[in-house]
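A quick write-up on the structure given underneath.
The values are calculated or read from the model by the stated rules, or taken from the named source; none is laboratory data. No experiment lies behind these values; they were computed from the predicted model shown. Positions of Cβ are generated from backbone atoms using ideal geometry, with glycine treated the same way; all protein chains shown enter the neighbour counts.
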Amino acid sequence: MSDVCEIGRSSETDSSEQLLQGVLYLTLVSIPIVFKQIYGFNTGEAGLVYITQTLGSAIGIIADGYCNRLYLKNVAKRGPEARLFTAFVGGVCVPLGAFIYAFTAYPQCHWIGCCVGITILCTFVRSRTPPSFPDLVPPLQT
């Protein structure tokens, strides 16, 4: 019974992470629809747009490494709140990326605007994920 409770637990952090992953999923599912119907891409060209997700995730992983170094440097002075820098930046940039993607998905706008929005969204979703699941990430080296 305790295993079921452990797997099914939901806290505020888990709920926000679930919402964030849901937004990311819906954005990525909409890529073929947006780029085929609005911009007239074929299947191969629409598939290449997923490179922006990879680029955003790579930037997010690099940014997370930098933020972890800042955290380790400042944790003695500020305590656990030293990790909030990533949350502050992500709290602004995740909706910004979603808005850029949504409001440039018109035939009058260039298709690269949607790609920029996806990249920004994926960057800050990926840089926020490791602190949310500390038991899945190896402990930080001090």
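Structure notes:
- Long-range neighbours under 6 Å by Cβ, at least six apart or interchain, first residue among the aliphatic types (A, V, I, L, M) and at pLDDT 95 or above within segment 28-44, second assigned to a helix (DSSP H, G or I) and exposed (fewer than 15 other Cβ atoms within 10 Å of the Cβ): none
- Which listed residue, of Leu24, Leu48, Leu72, Leu28, is of a type in the set (A, V, I, L, M, F, W, C) and over 23 Å from Cys109 (Cα atoms): Leu72
- Segment 54-72, residues that are modelled with pLDDT under 90 and either closer than 17 Å to Phe88 by Cβ or of a type outside the set (Gly, Ala, Ser) (or both): Gly60, Ile61, Ile62, Ala63, Asp64, Tyr66, Cys67, Asn68, Arg69, Leu70, Tyr71, Leu72
- Given (1) basic (Lys, Arg); (2) modelled with pLDDT under 90; (3) in a helix (DSSP H, G or I), number of the condition Arg9 does not satisfy: (3)
- Among the candidates Pro134, Pro139, Pro130, residue that is modelled with pLDDT under 85 and part of a helix (DSSP H, G or I): Pro130
- Only one entry in Leu70, Leu84, Leu96 is hydrophobic (A, V, I, L, M, F, W, C) and within 14 Å of the chain's Cα centre (by Cα), namely Leu96.
- Hits in segment 87-108 - residues which are within 21 Å of Ile51 (Cβ to Cβ) and either loosely packed, with under 14 Cβ neighbours inside 10 Å or among the hydroxyl-bearing types (Ser, Thr, Tyr) (or both): Tyr101, Thr104
- Filter result for Ala76 (surrounded by 14 or more Cβ atoms within 10 Å (Cβ to Cβ) and among the aliphatic types (A, V, I, L, M)): no
- Some residue of segment 83-106 being touching a residue at least 24 places away in the same chain (Cβ under 8 Å) and outside any helix (DSSP H, G or I): yes
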